[in-house]
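Reviewing the structure listed below.
Just so it is clear, none of the values below were taken in a lab; they were calculated from the coordinates. Quantities reported herein were computed from a predicted structural model and do not represent experimental measurements. Cβ placement follows ideal geometry from the backbone for every residue including glycine, while neighbour counts extend to all protein chains displayed.
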Amino acid sequence: MTRPQPLALFEAPLDAASLIEASAGTGKTWTITGLYVRLLLEAELAVREILVVTFTEAATEELRDRIRRRLLDARDVLRGGAAKDEFDRSLLARFPDRERATDRLTNALRSFDEAAIYTIHGFCQRALADSAFEGARPFEMELIADEGSLVQEIADDFWRREFHAAAPAVVAHLLACRLTPEKLADGILRHVGKPFLAIDGPAAPPDLAQLERAYADAYARARALWHAGRDDITSLLRNAGLDGRKYQVRHFDSWFLQMDAFLEPERAHPAICDKLEKFTPAQLADAAKKGPPPRHPFFEACAGLLAAHAALTGALDAFLADAKVRLLTEVNRELAVRKERRRVQSYNDLLLKLAQALDPPGGDALARLLRARYRAALIDEFQDTDPVQFEIFRRIYGNEAAPVFFVGDPKQAIYSFRGADVFAYLAARATARAHYTLATNWRSTPELVRAVNVLFGRTARPFVFEDIAFHEAVAAKREQDTLVVEEDIDAPLRFWFFSGENGKPLAKGTAGAQAARATAAEIARLLTLGSQDRARLGPRALAGGDIAVLVRKHQQGREVRDALAALGVPSVQHSQESVFETEEASELERVLLACAEPLREGRVAAALATEMLGMTARALSEASADPVAWEARLQPFDEYHRLWRDRGFIHMYRELLAREHVYARLLRLPDGERRMTNLLHLGELAHAAAHRERLGIHRLIRWFAEKRRRPNREDEEAQLRLESDADLVKIVTVHKSKGLQYPIVFCPYLWDGRMREGEGDAVVFHDPEQGYRAGADFGSTRRATRERLAAREELAENLRLLYVALTRARHRCYAVWGCIKDAGRAPLAWLLHPPADAGEAAFKAWWEADARDAAAMRGALAAIAEASQGAIAVLPEPRAGAPWQPAAPTPGELAARDWSRRIEPGPRMTSFSALTLGRDAELPDYDADAPVEPVPAAGVRDIHGFPRGTVAGQCLHAILERVDFQRADAAAVEPVARAALEAHGIARDWVPVVCDTVARVVATPLDASGLRLADVARAERVDEMEFTYPLARLAPAELRRVLGRYGRASVLFREEIESLSFAPLQGYMKGFIDLVFAAGERFYIADYKSNWLGAGRPAYAEEHLPHAMAESAYDLQYLVYAVALHRHLGRHLPDYDYDRHFGGVFYLFLRGMSPEAGAGFGVFRDRPARELIEALDDYFRTGAVR
């Protein structure tokens, strides 16, 4: 591998592909923005012609902002501003025609909205959409973040087909392995959609039937011998004089009983007796102290049975491995078909489809089109690429003379769990025409740079693979803030050494707790010094926000958080963990299940027992023993259920949080902000899913459960959010810290050498014999060899994680090392105790030397410290820490500042209900304001005895919306009524009453002309007509003036209008009209009212209705509706005339209507004057009262 050359930003050629390796802190983003300026000015490209690609939405937004600021800075320099650095000076020298250069940058800034700055998936989506016609692809497909549910569908089908009729041995093995369809899908999910992955498995399916027969025969032989000679066998063993350490006499009876139970059934059981091996000749011979071991045919039979069981188990394992390979093959084939059928695609599909579209020969035209559109490319974070991504850019730009810069750092390739492939980066590097490096570290102090150089530079292969080299960084010569801590040593990289316990390595749990306590103690000490002005960072005191603790696992983060809290130090967590992985998600699922099924008392009890709802076991027991108290506790869940069903999830959720005092309960806890943040985040995600996918109660719960079962950490929307914006100590995962920097960093868990590769269903590896092609081995004959390759790769990535962790600090970094279990395989062990050479034998020896002597470990660390010339220090574990002592508050009385300004309300949405009742402005009015009267005496079975209130109104509205007025006989109405009553929780025995009421309502004449709803066809009506129109201004006093001017001055209406007290507003009027229908040339408004005015029809007489209308301000409501219909007709009828086309308004009080009584009962009618409607329309449009 040739050594890369230092990059001279203005000298790199613009006619070839170049690769830039940017070590930590060396100004990668600064370089990208500088190249962008150069491409604009030197290559004279437009912003839309420069493709910039990075890998996350957050990084894209940051890069967009940094580029724009760089353009502004460069323009200021060209306009005569001061040159701040070498780039500015080179810019001035390179472009003497400053006016022309300034004009180009100004044009770039003006058109910056067109800048082609994308995530890799965003770029692929854009490229596919722009070429959809040429590629015969659909123009629009829904983009899904997680395809796990589709994979699960295929896995479920596979499970039913392959295992439902499987042999008993296979079924028993599935049970023994606790394999489920969900686990089966999880085992192959990470390998789906990777055409570059070489899949390997068992060579051939085993003959299970033959092995099962052999096992049954061996079992039958052993069983017969045991039953025939049990007494002889047990006597032989008791008197054989076997080694008492291996065959303790006191255990014999237990072993014999286990053998009785094992060999009792006639048919062999797949689960073997765990003491069977004790009865084999090999074990007995090993335990014989003197003389020959005991002999009996049964012992030989046990050996045969053990071998037959091992052969069968191995074959069953191979059978399942082969099934997983077949499932993966089927998923890769079938998944595309199902997604195409549903017109959906995943983010990975965007990559695969673009790569396929670029396949030659047909893809050559698309490649030319993309090259012409994007004449230059800057690919950021390229170390996180994979074979598909690299192939896309190779096919677009290939060997063309185009300025393409791949920017990344293989030493920071840490996202293999997301599919990133550092070997793809290395392959891409080999194709680059030029190879540069950024070697100047602008982040850390010179001493800290030297410490990292010494640590990684003393080993020939610090990152295991020769192709990933470490090149020493050079500290930038510039002024920066100085960290000053009184009475402290100067070494910026400090190792606390844990010596073990009684000459043995510390247990990992003990070491973790000690490391967390040591970290918390030192942080508390530093912050206390900061509060005393004895620890300063530049001109200010050291604060919590200057410190970060880096962890690998979320459990480690919680351990550190608790240790800090014990010393009074507040902290905040940054993590890529999904919020669905938290305890709050588990508790919320229990609460939602209780809200969904409030009649299942067990679920309600489980919800109440959560910390979210806070009921103790004692309180729960006492409440459940008291029927009255228990009923009172169950009742809210019934109300939550109805609220969820009727108004949606988010309304229910907000009510639950408030009514159950969740905020107050959780915020009292030390981590209350974290918990509350998670609950609000989960509620937001559930609301979004319910709205987006139209999920009812049970479907939303299934969605939530699936998210919990299979959380997607790549879904940025679901990643944990910060619980506080305060300047607190940050606890950050190493993965999340990449790209960030902190003045002081703690790394308390660098000793953790636990390896995860080989724990899953498949071993993922890169085969050096196949050019490091990625592969997944599900159980081939070469699996053991590939496990060693995978272990080497995991160690290499752990070393890259170590590099990332140690290069986040600007001034100081603390780490823990020592004689701790598994530390011998930790990445620091590779640097401090490297293998003798690069061969496989040396690596194996290093790998197996897990336990290292404490003195040797300390000695290697001390040698590194000595070579660093004071940049590294080895320190003993710190003593127990004292609590943080924050600075005393400044004396003096606190008072709120006087407020003298006025905040003008902005435009907003309103409605009749919002103006009169303060209710939600965007919901239909279902008589929610109708008073809820006492229910009449039992036995009343007519419309006057029908339930009252909002739910009853909703039910009757729903029926009238669905019924065809021209076919309103009982046979047609009954199924509609039955379904509506059931949906609204009203007894079905009201069906006859409702059917009769509907028939009466549609048959009742509405006016003297005999107009009836029964004469209105479906095509001549619009139910629940929604409207929204703009309001220039609306104020109560002005509205009263308009209404009074046009005759709306009756005593009842005047009292109604004068009672309005809403604040003046502007924005939009929104509402829902129950019914708009046409009869002849005229259009009418009808509004259904289920209000209960009295126990008989006389209460609904024409003379009583104005009072009912005024009491609920319905007069104002229908004027709002009339303006809406007036505007609608004016836009859609070419010859619209109010007097000719506007028929009027009917308010139908359903309980009082009857064809026998006629239009004089239950029907309120009005036809507002044309002048009034036009005056209201003008006022709403202009805000002026004319």
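Quick notes on this one:
- Two-site label geometry, Met909 and Ala842: point separation in nm, points 7 Å out along Cα→Cβ: 6.9
- Each of Asp88, Asp996 has some number of other Cβ atoms within 10 Å of its Cβ, and from fewest to most they run Asp996, Asp88.
- For segment 579-711: rounded, prolate or oblate by the Cα gyration tensor [a/c cutoff 1.5]: oblate
- Beta bridges from DSSP with both residues in the chain: antiparallel share about 35 percent, rounded to the nearest 5.
- For segment 718-830, averaging the sequence separation of C-alpha pairs within contact (under 8 Å, six or more residues apart) and dividing by the residue count gives a relative contact order of 41 percent.
- Spatial separation of Cα centroids for segment 154-172 and segment 212-250, in angstrom: 36
- Kirkwood Rh, Cα atoms: Rg over Rh of segment 908-1182: 0.95
- Mean separation of Cα contacts under 8 Å, 6 or more apart, over the residue count of the chain: relative contact order %: 12
- Cross-link pairs exceeding 25 Å between alpha carbons, from the set Lys411/Lys553; Lys504/Lys844; Lys183/Lys339; Lys183/Lys736; Lys821/Lys844; Lys28/Lys553: Lys183/Lys736; Lys28/Lys553.
- Summing +1 for each Lys or Arg and -1 for each Asp or Glu among the other residues whose beta-carbon sits under 12 angstrom from that of Ala287 gives +2.
- Net charge over other residues, Cβ less than 14 angstrom from the Cβ of Ala59 (K, R count +1; D, E count -1): -3
- Short-range pairs are left out: with C-alpha atoms under 8 Å and at least six residues apart, the relative contact order of segment 394-500 is 25 percent.
- Qualifying trypsin sites (Lys or Arg not before Pro) for segment 582-690 [loop in DSSP, other Cβ within 10 Å: at most 13]: Arg600, Arg668
- Looking at segment 908-1182, the DSSP beta bridges with both ends there are about 70 percent antiparallel.
- Close amide-amide hydrogen proximity is noted between Gly1183 and Ala1032, Arg1033, each under 5 Å apart and 5 or more residues distant or on a separate chain (H modeled in the peptide plane; Pro and chain starts excluded).
- Calculated from backbone phi, Karplus (6.51, -1.76, 1.60) coupling profile of segment 1067-1072 in Hz, x at Gly/Pro: x, 9, 9, 10, x, 9
- Here the 3J(HN,Hα) profile of segment 369-382, calculated from phi with Karplus coefficients 6.51, -1.76 and 1.60 at θ = phi - 60°, is 4, 5, 5, 5, 6, 10, 7, 8, 9, 10, 9, 8, 6, 6 Hz, Gly and Pro shown as x.
- Summed side-chain charge close to Gly509 - residues other than Gly509 whose Cβ falls under 11 Å, Lys, Arg +1, Asp, Glu -1: +1
- Kirkwood Rh in Å, taken over the chain so that all alpha-carbon pairs contribute: 37.1
- Under 5 Å from the amide H of Leu728 lie the amide H atoms of Gly545, each residue being 5 or more positions distant or on a separate chain, with H modelled from the backbone and absent for Pro and chain starts.
- Each residue of segment 123-131 is assigned a 3J(HN,Hα), and the resulting list reads 4, 4, 4, 5, 4, 5, 5, 6, 10 Hz, derived from the Karplus form 6.51 cos²θ - 1.76 cosθ + 1.60 (θ = phi - 60°), x at Gly and Pro.
- Taking Glu794, Glu400 and counting other C-beta atoms within 10 Å, the order from fewest to most: Glu400, Glu794
- Around the amide H of Tyr814, modelled in the peptide plane, lie the amide H atoms of Arg494, Val745, Phe746, Cys747, all under 5 Å away and 5 or more residues distant in sequence or on another chain.
- Under the combined filter of DSSP loop state and at most 13 neighbouring Cβ atoms within 10 Å, segment 334-426 retains these trypsin sites (Lys or Arg not before Pro): Arg343.
- Cα-centre dipole for segment 583-699 with unit charges at Cβ (Lys and Arg positive, Asp and Glu negative), debye to 20: 280
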